[in-house]
Structure formats: structure tokens, C-alpha cells
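The values are calculated or read from the model by the stated rules, or taken from the named source; none is laboratory data. Here the structure is a predicted model, which is why all the values come from computation and not from measurement. Quick reminder, even Gly has a Cβ in these numbers, built from the backbone with ideal geometry, and neighbours come from all protein chains shown.
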Amino acid sequence: MLLLDTNAVSAFMHRRPDALLRLREQDPSTVYLCAPVTAEIHFGLSRLPPDSSRRRLLANEFRRLRAAVRWVDWHEAATRAFGHWKATLQHRGAPIEDMDLAIASIALGLPAQLATANIRHFARIEDLDIVDWSEPGQQGTSRGRSPRPGGDRR
């Protein structure tokens, strides 16, 4: 399973060839979007002038992606992961934004890989299986999971 981070979705919406290739290589039934990513995309679209052709084009690309991939809701395993990692990162003095932590927590709770270009940011969460989509023209590399303190993810 692959959960798309906001920047991976944005790269698709902007028709970046590397993002299009990476998505074409995936079975759509294994690719997921979640509410925090979708909220950030809608925020970005809402910042553009309502009548702009750019906004219409990007919104159409998002609708096309949304129709092709699966949806995952915020679920109980994700809430536990969120609480654990928010406290852990706060204790370390290295918090991340709640929306990004929610995205990571959903990936952890599934479990799924997270496709993102924001490697350094998400690398603070050792459990997270990150697929690096930051380098155009590369297939993306995975940074595997490390064991979660306290055992099972679910």
C-alpha cells in the first residue's frame, strides 16, 4: 500500500513526468489518499483566483487522481500512532505540524509506505516507511521501518 503525501499529489497535479511515471507503475487499488492531504490540496486550490485557468486545471487533475485511487479514513490505529509520535517528537524538541503527523499516522496505522518529497521532515518518525519522491527521474527509494516502541502498530 502507498499513501500519497501532499507534495506527491501536487507533483501529479502539475503533471511532473516523474510523478506521472511513478503513479503509472502502481496498481491503483494499492494507492491511497487521506483527508489531511486532501484538505491541504483544497487549501492550495482555494488560494488561487476562483476564475483562473490554473485553478481549473489543477482541480481537474486532482479530481482525476481522486477518482483513480482509494480513500482511507482516519482510523483508531492512526489515532494511537498520532498520540505516540506527537508526544515523542515534542519530548525530543523536534515536533512536526499536526497535518503532517496525521498523514504519517494514517500511513503507520494501515500500515503503508508514504510517498513524499519531504524526507528530512518525516524521517523523525522512525517507524514510517518512506518512499522518496523528491528526485525527478528516479524511481523512488524506500527507507524501511524500524520497530515501534511498545510493539504492534494496531
Practice problem: Those residues that are in contact (Cβ under 8 Å) with a residue 40 or more places away in the chain, part of a loop (DSSP other than H, G, I, E, B) and either of a type in the set (A, V, I, L, M) or at positive phi (or both), I need them from the range 92-123; list them, please. | Solution: 110, 112, 117
Exercise. Among the candidates 125, 96, 130, single out the residue that is within 14 Å of residue 2 (Cβ to Cβ) and β-branched (Val, Ile, Thr).
Key: 130
Quiz item: Given the conditions (1) outside any loop (DSSP other than H, G, I, E, B); (2) farther than 14 Å from residue 125 by Cβ, which single one is not true for residue 51?
Solution: (1)
Exercise. Determine whether residue 79 is surrounded by 15 or more Cβ atoms within 10 Å (Cβ to Cβ), polar (S, T, N, Q) and modelled with pLDDT of 95 or more.
Key: no
Quiz item: Quick one: how many residues across the range 14-63 are more than 26 Å from residue 109 (Cα to Cα) and of a type outside the set (S, T, N, Q)?
Solution: 21
Exercise. Under 9 Å between Cβ atoms, at least 6 apart or on separate chains: pull out the pairs that start in the range 10-26 with a residue that is at positive phi and end on any residue that is of a type in the set (Asp, Glu).
Key: 15/61
